[in-house]
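Let me begin by presenting the structure, written as structure tokens, before commenting on it.
The values are calculated or read from the model by the stated rules, or taken from the named source; none is laboratory data. Since the structure is predicted, the reported quantities are computational estimates derived from the model, not experimental observations. Cβ atoms come from the backbone with ideal geometry, glycine included; neighbour counts cover every protein chain shown. Each accessible area value is taken on the protein alone, full model and side chains, heavy atoms only, with ligands, DNA and RNA left out. Shrake-Rupley method; radii C 1.70, N 1.55, O 1.52, S 1.80 Å.
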Amino acid sequence: QVQLVESGGGLVQAGDSLRLSCAASGRAFSLNAMSWFRQAPGKEREFVSAINWSGDVTDYADSVKGRFTISRDNAKNTVYLQMNSLKPEDTAMYYCAAGARPFEMGRRLSEFTYWGQGTQVTVSS
């Protein structure tokens with residue numbers, strides 16, 4: 001079965017860094033955009049970042065621009081999110097997702113078909 005598994009979350013102090021990983025299995029996603037979303041308690045799931053199929057085009061929410069970097073390794077079927085200068089407001093469950101169709105990229109939840117179970121990121125002040 002197709003499966004996305006996130007890892008790398010944890011409890012850190014403000015200003016620290018974390019590197020999230022999302023490993024896919026069951027099929028290759030080398031032709032699909034990959035993305036990260038997050039959801040904090042009481043809030044809706046929001047877009048964080050996305051990367052196109054070849055890894056040369058990236059997109060970031062304004063709230064994380066300049067601090068987070070998305071990357072991918074298609075040979076490993078894995079996408080990463082390097083998070084630097086973490087803030088308490090970054091606290092959320094982080095989910096990775098694979099694009100529904102090859103080559104397409106966007107920010108909408110409906111544009112991503114496969115989702116992981118999430119990894120918790122907690123940033124203390």
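Listed residues SER63, SER85; which is polar (S, T, N, Q), more than 20 Å from GLU44 (Cβ to Cβ) and surrounded by fewer than 16 Cβ atoms within 10 Å (Cβ to Cβ)? The match here is SER85. In the stretch 34-60, the residue that is nearest to ALA97 (Cα to Cα) out of those that are of a type in the set (Ser, Thr, Tyr) and surrounded by 15 or more Cβ atoms within 10 Å (Cβ to Cβ) is SER35.
Take SER21 and tell me if it is open to solvent by less than 60 Å² (accessible area, probe 1.4 Å), within 13 Å of VAL121 (Cβ to Cβ), part of a strand (DSSP E or B) and out of contact with any His (no Cβ under 6 Å at 6 or more places or on another chain). So SER21 passes the test.
Looking at ILE70, is it in contact with a Leu (Cβ under 6 Å, 6 or more places away or on another chain) and β-branched (Val, Ile, Thr)? Yes, satisfied. Of the strands (runs of 3 or more DSSP E) lying entirely inside the stretch 27-125, those containing at least 2 residues that are touching a residue at least 24 places away in the same chain (Cβ under 8 Å) and closer than 25 Å to LEU11 by Cα span 34-39, 46-51, 68-73, 78-83, 92-99, 119-124.
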